[in-house]
Structures are given as C-alpha cells and as structure tokens.
Amino acid sequence: MSNSASVGRPREFELAKAAHDAMNVFWDRGYESASLPDLITGTGLSRGSLYKAFGDKKGLLLAALDVYTAEGLKATADILSQPGPAREAIRDSLLRYARLSSGDAGRRGCLVVAMAAELGAHDQEVKTRTARMLRRLHQLYASTIIRGQADGEIREGDELAAARFLVCQIQGMRVLGKTGASEADMLALADSTIRILG
C-alpha cells in the first residue's frame with residue numbers, strides 16, 4: 001500500500017463522517033437556522049477545515065443530502081430486492097416508512113422533504129438532488145411492480161403511475177408524521193395503500 005493511499009483514506013473517512021454529522025444538524029435545525037457554530041460543533045471540524053473540505057455551508061448541505069439519500073435509497077432497495085413475493089416486499093417497505101412517520105422519527109420528518117420545502121423552489125442544486133432521489137425511488141418501486149405483475153401478484157397497468165402513487169403516499173406519510181400521527185394510523189395507511197395497488 002502506498003503512503004498516499006494510507007494518508008488519503010482517513011481524510012476521506014473524516015469527510016464522510018463530517019457530512020453525516022452535518023446531515024443531523026440540518027435535519028434537526030433546517031438550512032437557514034443551522035448556524036456556522038452549530039455545524040462546527042456538530043461536525044467537529046474547524047471553520048477552516050469545513051470551508052476547505054466543502055467550500056461553504058451550501059456545499060456541506062449538498063454533501064449531507066447525498067449521504068441522506070444514499071442511505072435511504074439503500075434501505076428501500078434492500079427491502080424491495082428481498083427474496084419472495086414482490087407485493088410483500090412493497091408492503092414491508094411501506095411499513096418501514098409508516099414507522100418512520102410516527103413518534104419521534106415522524107416528528108423529525110424527512111430531510112429531503114424539509115429541504116425541498118425550504119429551498120427547492122429557488123435553489124437549483126437542492127431541487128436537482130431532491131428530484132434525483134425521488135426519481136430513483138420511483139424506479140425502485142416501478143421495477144418491483146413489474147416483477148409483481150409478471151408473477152400475477154399485482155394487477156397489470158402503468159407501473160410508472162403506480163410507482164408515483166406509492167412515492168406520493170410515502171412522502172405524504174412523512175409530512176403527516178410531522179403533525180404527530182400515530183403509528184397505528186400510519187400502519188393502517190400503509191395497508192390501505194397496498195390494497196389499492198392491487
């Protein structure tokens with residue numbers, strides 16, 4: 001192993017950890033309300049290191065969004081690709097979102113939804129990232145719906161429209177969670193959604 005590789009790896013790890021820690025700061029406080037001292041405390045980076053690594057507060061937010069979307073998409077993809085019936089995989093994924101949409105997790109909400117609401121209308125980079133994440137979510141569900149249609153578990157139809165319906169339901173659940181929705185209500189909504197899917 002070269003010296004440059006061994007020196008570079010800890011820095012990459014530290015930057016990934018800083019982006020993850022910043023994600024939690026933005027998630028808890030929002031973009032505008034997250035001050036530079038909040039981010040310095042939350043990431044453990046000095047002001048100079050933060051600017052050197054990410055450029056500015058906005059660059060740190062974009063890195064944090066990348067971490068959040070990667071983790072969320074992986075969790076969904078892992079559930080949807082599980083062995084067994086596609087319809088059951090979709091239901092399991094919806095139940096995960098139902099639990100994320102109630103209690104403390106529900107009140108915390110979804111970082112993508114929060115940043116889309118706060119910045120998406122006037123910030124192209126945030127809009128692009130949130131749109132990309134939702135597009136990938138559509139693709140994951142559409143692929144699983146196609147699998148279910150091929151096996152006869154899910155009725156034939158427009159898989160893209162069905163996937164958009166599922167993603168809209170999920171994002172709606174995340175918004176309802178901010179209002180203190182109960183886990184029982186969210187689980188019932190998830191079951192209603194899977195029944196409508198057919």
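Here are a few things to note about the model shown:
- If you go through the stretch 1-53 and pick out every residue that is of a type in the set (Lys, Arg), over 21 Å from the mean Cα position of the chain (by Cα), under 24 Å from Ala70 (Cβ atoms) and modelled with pLDDT of 85 or more, you end up with 1.
- Qualifying helices (runs of 4 or more DSSP H) (wholly inside the stretch 1-119; at least 1 residues being among the β-branched types (Val, Ile, Thr)): 3-29, 36-43, 57-80, 86-100, 111-119
- Members of the stretch 171-198 that are part of a helix (DSSP H, G or I) and under 20 Å from Gln149 (Cβ atoms): Thr193, Ile194, Arg195, Ile196, Leu197
- Of all residues in the stretch 43-61, those satisfying the criterion of being surrounded by fewer than 19 Cβ atoms within 10 Å (Cβ to Cβ) and not basic (Lys, Arg) are Gly44, Ser46, Gly48, Ser49, Tyr51, Ala53, Gly55, Asp56, Gly59.
- Just one residue in the set Val112, Val126, Val167 is in contact with a His (Cβ under 8 Å, 6 or more places away or on another chain) and within 26 Å of Gly30 (Cβ to Cβ); that residue is Val167.
The values are calculated or read from the model by the stated rules, or taken from the named source; none is laboratory data. Quantities reported herein were computed from a predicted structural model and do not represent experimental measurements. Cβ: placed from backbone, ideal geometry, glycine included. Neighbour counts: every protein chain shown.
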